[in-house]
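The values are calculated or read from the model by the stated rules, or taken from the named source; none is laboratory data. Computed from a prediction, not measured in an experiment: that's the story for all the values here. Positions of Cβ are generated from backbone atoms using ideal geometry, with glycine treated the same way; all protein chains shown enter the neighbour counts.
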Amino acid sequence: MATNPFRRVLVKLTGEAMAGEGGLGIDCSHIQRTAAEIASAAKTGGQLVIVPGGGNIVRGGPLSRQGLVSRESADQMGMLGTMINGIALRDALAAQGIGARVLSARAVESMVDVFRTDVAGAALDKGDVVIATGGVGQPYFTTDSGAALRAAQLGCDLIVKATKVDGVYSADPKKDPSAKRLARLAMREAIERRVGIMDLSAMEVCLANSISCAVIDFTQDGTLSALLKGKDVGSIIEA
């Protein structure tokens, strides 16, 4: 088994990691690839917590901004979207031979159990992947906040933002050809520079709990496993 320098890692996925064309719905090939990447990462020796987004199921923000639903309703719809993705990902991981437990900030009887730190910790110690859904269970909080909260509760060493960009740069690489990827950056500096890897409040939670963050290009095969093996991919923002 490969050596993983991190004992417990939380991976924040976008809904697009499971979506097809247009970023909507659940596409078989996309969720199979996502499950395969997570399964490979699970074999590096650490414990994995996955926090899926829900934007591929429903995008409540535009509905709220247009006055069609309230902000509270929009956030509730988003929470349900993360549960749908979590259930689909659990079964996709099972097809890869990886056990997974879906937990939610709000229980949905007979489908998703409520998140409890002791239950999640026991599942991780057993070797299962924990899929934490439902955000923090309340409106007006982002999935970044939910990820930081779960990482703090479970004593994670690292939060991985699985994105479409390969790290944090010294400048916008689309505007400045001389921009360089920053392999490592201090969390306090990232907060002061307002580097947009996470909400500022979520970054403060990470800093207070000594949880580092990483940004990787999840669209490239093997990047998550490579990061967890200590290879130079993406950017690590050190708490």
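Scanning segment 209-239 for residues that are part of a helix (DSSP H, G or I), surrounded by fewer than 22 Cβ atoms within 10 Å (Cβ to Cβ), in contact (Cβ under 8 Å) with a residue 40 or more places away in the chain and of a type in the set (A, V, I, L, M) yields a total of 0. Checking each residue in segment 150-184 for being in contact with a helix residue (DSSP H, G or I) (Cβ under 7 Å, 6 or more places away or on another chain) and farther than 14 Å from residue 8 by Cα picks out only 162.
Return the total of residues in segment 177-190 being part of a helix (DSSP H, G or I) and under 19 Å from residue 165 (Cβ atoms). Outline the logic, then answer.
Narrowing segment 177-190 to residues part of a helix (DSSP H, G or I): 187-190.
Checking which are under 19 Å from residue 165 (Cβ atoms) leaves us with 187, 189-190.
Counting residues in segment 177-190 that are part of a helix (DSSP H, G or I) and under 19 Å from residue 165 (Cβ atoms) gives 3.
Report whether or not residue 144 is closer than 28 Å to residue 94 by Cα, of a type in the set (Asp, Glu), part of a loop (DSSP other than H, G, I, E, B) and in contact (Cβ under 8 Å) with a residue 12 or more places away in the chain. Against the criterion (closer than 28 Å to residue 94 by Cα, of a type in the set (Asp, Glu), part of a loop (DSSP other than H, G, I, E, B) and in contact (Cβ under 8 Å) with a residue 12 or more places away in the chain), residue 144 does not qualify.
Within the bounds of segment 102-116, is there any residue that is aromatic (Phe, Trp, Tyr), touching a residue at least 40 places away in the same chain (Cβ under 8 Å) and under 21 Å from residue 147 (Cα atoms)? No, the conditions are met nowhere in segment 102-116.
Filter segment 101-119 for residues that are surrounded by fewer than 21 Cβ atoms within 10 Å (Cβ to Cβ) and among the aliphatic types (A, V, I, L, M); which is modelled with the lowest pLDDT? Filtering first and then ranking leaves 107. Of the helices (runs of 4 or more DSSP H) lying entirely inside segment 6-100, the ones with 2 or more residues being touching a strand residue (DSSP E or B) at 6+ places or on another chain (Cβ under 9 Å), aliphatic (A, V, I, L, M) and surrounded by fewer than 22 Cβ atoms within 10 Å (Cβ to Cβ) are found at 71-95.
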